[in-house]
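Structure first, commentary second.
Values in this text are rule-based calculations from the coordinates and carry no lab data. These figures come from a predicted structure and were not determined experimentally. Note: ideal-geometry Cβ built from the backbone for every residue, glycine included; neighbour counts use all protein chains shown.
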């Protein structure tokens with residue numbers, strides 16, 4: 001009875017006011033950003049596990065730093081000499097042992113391998129074998145600790161030859177690994193920071209020339225990896241909105257990092273950052289926390305402002321992470337809502353009910369609440385799950401990439417409406433009933449890839465929105481109100497002739513017929529035989545456009561059905577749309593309102609024929625209660 005009422009309601013909705021029906025059958029949901037940190041690619045907090053080999057490694061191997069929301073990347077800044085102490089002898093386990101621990105906890109790594117390690121005695125940064133091979137070196141004594149280090153001449157041919165060999169070996173291991181977020185060009189400058197203010201004191205022109213040599217080597221061996229170079233290659237405190245060297249590096253796809261944040265409460269290349277963030281992530285490193293505190297330069301609000309000013313995607317945790325989290329508490333929620341990109345669903349409109357074969361709309365108001373574009377991009381996907389949590393249908397809108405969402409100030413975040421249109425296909429084999437609707441953002445085939453600031457996640461980056469009703473049977477093609485019909489119950493070879501007359505006040509803009517027969521059939525609409533191969537066996541129904549054949553006034557649909565053996569049946573539905581903008585609605589389904597006979601009479605396919613005197617068709621079973629439903633029940637029982 002309930003399904004019949006639903007059918008009658010659908011017909012009334014079509015005949016009366018489609019706008020009202022759509023309004024009454026639309027569910028609207030609004031969402032609020034939960035304010036939590038997100039673990040997404042190409043953004044987030046960067047934990048300095050090795051700022052140098054002795055700083056900040058967490059000793060407890062079970063500690064995953066889960067308390068630090070938004071921590072996505074673990075940074076390993078190490079000297080070349082430690083990785084390759086002797087030529088061809090590589091100790092990658094220093095990197096890999098740490099990397100695998102953090103990768104297992106869902107994080108990625110970033111690398112800087114330094115050739116200069118000023119402040120460490122002897123060959124602290126560069127391997128001694130490089131000097132022994134004839135590379136020129138310059139001894140330098142750091143004033144603050146009186147320790148003498150051997151510093152390479154950064155354009156020395158022997159040095160560059162050995163460096164290239166090392167980079168080639170490093171690239172084999174890390175260049176194509178998706179768990180490596182970015183690689184710093186760390187072979188040029190003191191501590192790999194791109195400057196020589198303490199040591200060589202190169203001119204700006206010479207510094208730019210040598211830095212470019214190193215950048216080209218890295219790009220050669222890391223062609224698809226995000227590379228970063230320190231802004232100090234153009235001078236640590238040299239003002240300017242752009243520089244020739246930086247333009248050339250950008251053309252090579254190399255972004256920049258600024259390691260001077262909060263040094264003397266300042267930063268120096270905010271204007272330069274504006275050339276980068278529209279197309280590639282900006283990486284920031286603040287001064288060592290304890291040094292900044294001692295210098296009275298530490299200011300959490302200034303840290304937040306640096307993220308806004310640079311449109312920062314990566315920000316350092318340059319100290320013990322628990323102490324750093326504590327020091328940032330006053331602005332942490334503001335930072336988490338703004339660092340990198342943040343795809344924020346705001347309002348969703350979707351139909352309360354859908355039917356296989358009938359297009360349906362979904363409208364999503366969405367925004368990027370972060371300071372940077374969503375560089376990895378992604379597509380909006382809606383997923384239907386059954387009550388057991390199984391994925392049953394996936395709909396991805398390939399026409400809109402969240403990479404295109406604009407960025408705005410925190411108090412003026414621009415919003416975008418993404419209107420999508422989908423159709424549930426019969427091959428999804430959804431039984432009629434209620435399904436959970438999930439929202440996600442990810443690949444073009446619907447794989448979730450981005451965390452969203454929403455509740456009710458399924459631990460696979462899909463977020464439950466609510467429920468949606470599917471009006472369907474196991475075959476996935478019809479309303480539950482449709483019946484399998486015949487002239488009488490039979491289990492032998494025979495024929496059945498069935499007709500349905502119907503009246504239309506005006507010709508509809510669109511009309512489509514769905515019909516299936518066990519076992520074969522010929523079909524006529526208003527005396528014109530339909531040319532189709534869809535009437536062959538149980539469950540073979542397909543949608544057929546019959547718009548040219550329907551007419552205003554009286555119409556007749558006629559079916560000559562043939563049963564070869566065993567069970568038999570005819571099942572059908574005619575859908576129409578009043579205009580091009582309206583959804584398709586069922587006009588009628590197969591039931592006892594049809595006329596049926598075991599024998600044909602003259603002109604029975606036409607309105608003028610004698611079929612009007614035939615008896616009402618027999619309703620054999622409601623759709624979904626036949627062979628398909630029985631087989632499905634047996635299959636489920638067998639699985640248990």
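Observations
- The distance from the alpha carbon centre of segment 137-205 to that of segment 310-350 is 31 Å, rounded to a whole number.
- Exposure proxy order (Cβ contacts within 10 Å, fewest to most) of 242, 184, 579: 579, 242, 184
- Order of 74, 358 under a 10 Å beta carbon neighbour criterion, fewest first: 358, 74
- Prolate/oblate/rounded label for segment 483-632 (Cα gyration tensor, a/c 1.5): oblate
- Pairwise label distance in nanometres, residue 219 with residue 30, each label 7 Å out on the Cα-Cβ vector: 4.9 nm
- Cα centroid separation - segment 275-294 against segment 390-424, whole Å: 30 Å
- Correct option for mean projected area of the Cα convex hull in nm² [calculated from the coordinates] among (1) 44.1; (2) 35.8; (3) 39.3: (2)
- Contour minus Cα-Cα distance for residue 165 and residue 352 (0.36 nm per residue): 61.1 nm
- Highest-first packing order for the peptide set 36-45, 227-236 is 227-236, 36-45, based on the mean count of other beta carbon atoms within 10 Å.
- Nearest 10 degrees, 0 to 90: helix 2-15 Cα axis against the chain principal axis: 90 degrees
- Of the residues 153, 344, the one with the fewest other Cβ atoms within 10 Å heads the list, and the complete ranking is 153, 344.
- Averaging the sequence gap over all C-alpha pairs within less than 8 Å and six or more residues apart, then dividing by the number of residues, gives segment 483-632 a relative contact order of 36 percent.
- Each Cα pair under 8 Å and six or more residues apart adds its sequence gap; the mean of these over the residue count of segment 345-440 is a relative contact order of 37 percent.
- C-alpha long axis of helix 627-639 to longest principal axis of the chain, angle in °: 40 degrees
- The distance between label points at residue 237 and residue 601 comes to 10.5 nm (points 7 Å beyond Cα on the Cα→Cβ vector).
- Between residue 459 and residue 510, the modelled label-to-label distance comes to 4.1 nm, taking each label 7 Å out from Cα in the direction of the beta carbon.
- Percentage relative contact order, the chain, counting C-alpha pairs under 8 Å, at least six apart: 11 percent
- Computed from the C-beta positions of residue 398 and residue 542, the FRET efficiency with R₀ = 22 Å rounds to 0.35.
- With both residues required to sit in the chain, DSSP beta bridges show an antiparallel share near 75%.
- Counting 0.36 nm for each residue step from residue 492 to residue 326 and taking away their Cα separation leaves a gain of 51.7 nm.
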